[in-house]
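A short write-up of the structure that comes next.
The values are calculated or read from the model by the stated rules, or taken from the named source; none is laboratory data. Computed from a predicted structure; not experimentally measured. Every residue, glycine as well, gets a Cβ built from its backbone with ideal geometry; the counts of neighbours run over all protein chains shown. Surface areas here come from the heavy atoms of the whole protein model, side chains and all, with no ligands, DNA or RNA. Shrake-Rupley method; radii C 1.70, N 1.55, O 1.52, S 1.80 Å.
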Amino acid sequence: MKASYRWLRSLVPQLTAPPEELAQRLTGAGLEVEAIHRYGVGAAACLVAKVVSTRPHPTKSGLKLVTVDRGAAATQELVCGAPNVPEPGGLVVLAPLGAYLPAKNMTIEKRAIAGVESEGMLCSEAELGLSDDGDGILVLPPGTASAGAPFVAAVPEAEDYIFDINLTPNRPDCLGHVGIAREIAALYSYPWAPPTPKVATLSGTTIESLGVGVRIDETSRCPHYGAAAAEGVQVKASPLWLRYRLASLGVRPISNIVDITNLVMLEFGHPMHAFDLDRLERGAPGSALISVRVAKEGETLVTLDGVERTLAADDLVIADGQKAIALAGVMGGKGSEIHDGTTRIVFECAYFEPRTVRRTARRHALHTDASHRFERGVDPSDIEAVLASAAAWTAKLAHAQIAAGTLHVQGNVRFPKTIRLRAPRLRALLGVDVPWTEALDILVRLGNKLVTSTAATAELEPPPHRPDLTREVDLIEEVLRVRGIDNVPEILPAIHPTPDSGGDEVFRERVRAAAVTAGLSEAIVLGMTSPAALAKVKAEAPTVFLKNPLAEHQGAMRTSLLPGLLESVSQARRREQPDARLFAMGPVFIASAEGLPTEPLVLTAVLSGTASFRAYLSKAEPVDVWDAKGAAETLLFALTGQKPTLERGELPPQVHPRGGAWLQVGGKRVGYMGPLHPDVVDAFDLGAHPVMIVSLDLEALRIIGRAAPKFQAIPKFPANARDISLVVKDVVPAGDVQDALKNAAGPLAEDVELFDRFTGGSTPKDHVNLAFRVRYRAADRTLTDAEVDAFHEKARAAVELRFGAQLRT
């Protein structure tokens with residue numbers, strides 16, 4: 001909702017708070033002001049000027065030299081290329097030297113144009129930031145102001161502050177300026193009186209004598225329909241003030257009659273519509289000219305946007321004697337719209353049941369300003385005031401004669417019921433003592449009617465414009481809003497901790513921190529997915545289904561975190577972002593023989609694209625199983641304090657059968673890792689870039705826990721390292737060779753590290769070259785080279801005997 005600060009001040013004359021302060025006050029009361037925009041900020045520096053004379057530019061065709069009177073008998077000559085410079089005596093808008101026009105990011109300076117100096121500029125509406133019209137300069141109507149007057153003094157609506165207010169759906173009363181002004185008056189304790197326009201009527205002419213009659217066939221869906229009429233209407237452009245008021249609020253000016261309907265809607269928050277009376281067709285003699293009925297199945301209507309729509313039998317329409325002329329509460333019809341030749345009009349203002357409008361708007365994919373308001377619930381009691389306001393503006397701006405009287409056809413309009421408010425309940429819910437008289441005064445200022453009251457209870461009748469006030473708690477919330485939530489003291493309540501607080505939550509945070517330390521970014525994966533998505537990753541079929549899912553692809557509870565992660569990777573690749581290091585953590589829902597599914601906590605990580613993190617000074621290479629192994633080792637060491645071991649065996653179906661392995665800690669399986677199965681890669685259209693996955697059973701890791709760190713003294717004597725490069729068959733696990741070296745090298749072998757793996761070149765086919773670094777150290781002396789050589793030779797001989805390894809020279 002866009003709201004005009006200038007308009008609000010006219011409705012609440014006592015308001016003196018600047019826009020920023022008012023925005024904070026409204027936000028604190030639940031009407032969140034998301035932004036404040038300056039409208040027509042460049043207009044403030046401009047003047048009204050009168051054209052004195054014009055002559056052609058001496059050297060440049062298409063340009064004119066315009067002499068203007070800028071007030072105080074001062075004239076100046078400017079260069080202007082606009083095609084619509086008025087004749088002498090016409091009024092234009094002058095931006096003098098030094099004026100800044102933000103709409104064009106331009107500061108007016110003295111400059112030569114085709115050899116002629118120009119000191120200033122005659123402005124268009126686009127240059128002033130008032131509209132998108134830049135085809136010509138702005139020509140003001142005669143008598144707007146005298147030469148030299150500030151432009152914004154002549155047309156105040158050309159400058160304003162516009163609030164962008166994020167309204168919650170339960171506050172339809174603030175979808176109009178009257179509702180926001182009423183709220184402001186209540187917040188600041190100002191007196192409030194709604195606008196009451198007075199309409200002059202044409203003597204002897206009534207709305208009935210113009211042949212207007214109304215019939216409602218669906219009173220439950222349209223409990224109140226009002227109509228007013230006018231003749232002698234002159235359809236023309238709206239005055240500047242009205243055009244700028246609408247444009248500042250995001251509404252395109254069209255003509256005075258259409259603009260009046262939009263102005264009144266923005267004022268009261270109650271949509272209305274104008275029909276060309278002479279375009280309405282009459283039915284059988286004695287029948288009403290206008291009827292509110294449901295559409296006939298397959299009936300068509302061309303709406304104001306030029307689209308022919310096929311109606312359903314559930315659509316509520318406004319019809320004349322022959323056809324539908326409007327979708328009730330959504331959009332009018334093309335056939336009865338106002339045009340330049342219109343001389344007689346009928347104004348419609350009604351209350352439509354919100355669900356009716358919502359169904360029709362969604363069925364036809366039409367979300368309009370009118371449907372937005374009717375869907376939330378307009379004030380059913382202001383129809384007479386809305387019609388009176390539209391009639392008054394029509395008489396003034398279109399020089400029309402207003403027919404006497406209005407038509408009102410009503411069914412059963414439901415108004416809010418009386419609500420009982422108790423002082424003890426008020427105190428208990430707010431947690432602060434609010435004087436009873438102050439609470440009642442706030443509610444009355446907000447429009448509630450005090451029916452009865454005692455020292456501890458009161459009966460209040462909510463106003464018709466507040467359909468959200470139905471319970472005692474709603475009234476208590478209103479008191480809190482107006483007093484300000486900041487006035488409620490901060491007291492921490494005594495609560496019992498939930499099962500998730502403490503150990504489980506601390507464990508999750510530790511896992512999350514370990515994953516981030518390993519270079520992974522957390523992805524939020526929904527707990528709901530589809531059986532098809534789970535089948536694509538070869539996961540276990542779901543056993544828990546939702547009865548009323550938000551969408552078809554969210555109809556089952558997940559048995560794997562992979563679908564959400566791989567979908568994120570797939571979307572990133574479609575946007576040319578192939579690199580991803582993501583993880584997700586949460587429960588999965590696995591079938592159990594006991595009936596209810598188990599919900600083990602798991603972590604799944606996905607690595608794809610290039611390993612740019614290890615290519616700082618070299619060409620980036622695709623991620624491989626070693627990157628997955630490194631991530632798994634980092635995670636598991638952070639969580640258990642132990643280095644994992646790898647175990648070959650039959651792997652889950654989503655892992656490539658030849659590239660993955662089980663992860664073990666302390667002899668227990670805690671997860672698996674490896675390349676994603678090619679079938680899964682194809683199912684998610686992940687392309688040629690490799691994808692690695694790591695999956696950890698966090699329930700098993702929670703049981704294992706993290707071993708307490710043990711103190712180890714800093715070595716007093718240096719280590720002596722030896723490298724050994726061995727060629728073995730590629731089916732021999734590198735870990736087995738590493739363990740054999742460690743065992744054969746004896747107790748002085750402090751550490752054995754695999755630092756290189758190489759295939760190709762001089763390495764025989766089906767073989768691999770493994771390079772290890774063995775670090776020797778004694779606790780009580782410095783080892784001699786002879787001692788180290790002896791242990792190292794023993795280790796070499798052991799792996800040669802066991803694996804047929806050959807020393808690479």
Open item on the list: Using the crude model of +1 on Lys and Arg Cβ and -1 on Asp and Glu Cβ, and no other charge, please compute the dipole size for segment 600-725 relative to its Cα centre, in debye to 20.
Closed with: 800 debye
TODO: Enumerate the aspartates and glutamates that residue 110 could reach by cross-link, defined here as Cα to Cα under 13 Å, with residues fewer than 8 away along the same chain left out.
DONE: 77, 119
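Under 10 °C and 1.306 mPa s, how fast does segment 13-57 diffuse according to Stokes-Einstein, given a Kirkwood radius computed over C-alpha pairs? Answer in µm²/s, whole number.
109 µm²/s
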Open item on the list: Please compute the per residue accessible area over the chain with all protein chains in place, 1.4 Å probe, rounded to a whole number of Å².
Closed with: 49 Å²
Task: Taking segment 431-585 and dividing mean pair separation by its residue count, relative contact order in percent (alpha carbons under 8 Å, at least six apart) - done: 16 percent
Open item on the list: I need to check one value: relative contact order of the chain, counting alpha carbon pairs closer than 8 Å and at least 6 residues apart, in percent.
Closed with: 8 percent
- [ ] Count charges around residue 534 for me, please; just the other residues with Cβ under 10 Å from its Cβ, Lys/Arg as +1, Asp/Glu as -1.
- [x] +2
- [ ] Would you mind getting me the FRET efficiency between residue 488 and residue 620? Use the beta-carbon distance for r and R0 = 41 Å, nearest 0.05.
- [x] 0.15
- [ ] Once every Cα of segment 453-549 carries one equal point scatterer and solvent is ignored, give the base-10 log of I(q)/I(0) from the Debye formula at q = 0.18, 0.21, 0.22, 0.23 Å⁻¹, two decimals.
- [x] -1.04, -1.15, -1.19, -1.21
Task: Cβ charges +1 (Lys, Arg) and -1 (Asp, Glu), total dipole of segment 304-454, debye - done: 700 debye
Task: Longest segment of the chain lacking GluC sites (Glu not before Pro) that sit in a DSSP loop with at most 10 other Cβ atoms within 10 Å - done: 1-489
- [ ] With the full set of protein chains in place, find how many percent of the accessible area of the chain is carbon and sulfur; take the probe as 1.4 Å.
- [x] 52 percent
Open item on the list: For a 22 Å ceiling on Cα separation, which of these pairs sit above it: 2/396; 643/668; 198/449; 236/396; 619/742?
Closed with: 2/396; 198/449; 619/742
Task: Between 0 and 90°, nearest 10: helix 472-483 axis offset from the chain longest Cα axis - done: 90 degrees
TODO: Hand me the trypsin sites (Lys or Arg not before Pro) from segment 365-420 located in a DSSP loop with no more than 13 other Cβ atoms within 10 Å, in residue order please.
DONE: 414, 417
- [ ] Consider all pairwise Cα distances in segment 664-786 and report the whole-number % of them above 18 Å.
- [x] 72 percent
TODO: Could you work out the longest stretch of the chain that avoids the chymotrypsin sites (Phe, Trp or Tyr not before Pro) located in DSSP loops with at most 15 other Cβ atoms within 10 Å?
DONE: 1-615
Task: Crossing angle, helix 383-397 versus the chain [Cα axis fit, 0-90 degrees, rounded to tens] - done: 60 degrees
Open item on the list: Let me spell out the model: positive unit charges on the Cβ of Lys and Arg, negative unit charges on the Cβ of Asp and Glu, origin at the Cα centre of the chain. What dipole size does that give, in debye rounded to 20?
Closed with: 760 debye
Open item on the list: Cα atoms only: what Rg and Dmax, in Å, come out for segment 411-455?
Closed with: 12.8, 44
- [ ] Give the residue from 434, 534, 451 lying farthest towards the positive end of the charge dipole for segment 431-581; charges sit on Cβ (+1 for Lys and Arg, -1 for Asp and Glu) and the dipole is referred to the Cα centre.
- [x] 534
Open item on the list: Give the lysines reachable from residue 765 as a straight Cα distance under 17 Å; neighbours fewer than 8 places away on the same chain don't count.
Closed with: 729
Task: Sequence-separation-based contact order of segment 519-574, relative, with Cα cut under 8 Å and 6+ spacing, percent - done: 38 percent
Task: Selection of trypsin sites (Lys or Arg not before Pro), segment 478-582, meeting DSSP coil and at most 15 other Cβ within 10 Å - done: 547, 575
Open item on the list: Output the 0 to 90 degree angle, nearest 10, between the alpha-carbon long axis of helix 785-803 and the longest principal axis computed from the alpha carbons of the chain.
Closed with: 80 degrees
Task: Environment charge at residue 477 (Cβ cut-off 13 Å; Lys +1, Arg +1, Asp -1, Glu -1) - done: +2
Task: Projected-area average for segment 389-428 over all orientations - Cα convex hull basis, square nanometres - done: 6.3 nm²
Open item on the list: Could you tell me how far the Cα centroid of segment 660-677 sits from the Cα centroid of segment 160-209, in Å?
Closed with: 68 Å
Open item on the list: Loop only by DSSP, 12 or fewer other Cβ within 10 Å of the Cβ. Give me the trypsin sites (Lys or Arg not before Pro) in segment 731-799 that pass, ordered by residue number.
Closed with: 765, 781
- [ ] Report the dimensions of segment 351-399 along its three principal axes from the alpha-carbon atoms, largest first, rounded to Å.
- [x] 40, 22, 10
- [ ] Over the residues of the chain, compute the C-alpha Rg and express it relative to 2.2 N^0.38 Å.
- [x] 1.41
- [ ] Towards the positive end of the charge dipole of segment 246-341, with charges on Cβ (+1 Lys, Arg; -1 Asp, Glu), say which of 339, 292, 328 has the farthest Cα.
- [x] 292
- [ ] Would you compute, from DSSP H runs of 4+ residues alone, the mean residue ellipticity of the chain at 222 nm, taking -39500 (n - 2.57) per run and dividing by the full residue count, rounded to the nearest 500?
- [x] -8000 deg cm²/dmol
- [ ] Positive end of the charge dipole of segment 173-248 (Lys, Arg +1 and Asp, Glu -1 on Cβ, about the Cα centre): tell me which of 223, 194, 235 has its Cα farthest that way.
- [x] 235
Task: Straight-distance crosslink candidates among lysines, where the alpha carbon sits under 27 Å from residue 296 and sequence neighbours closer than 8 are dropped - done: 323, 334
- [ ] Find the eigenvalues of the gyration tensor of the Cα atoms of segment 1-97, then list the square roots of 5 times those eigenvalues as equivalent ellipsoid semi-axes, largest first, in whole angstrom.
- [x] 43, 15, 10
- [ ] Provide Rg over Rh for segment 765-809; use the alpha carbon set for both Rg and the Kirkwood Rh (inverse mean inverse pair distance).
- [x] 1.07
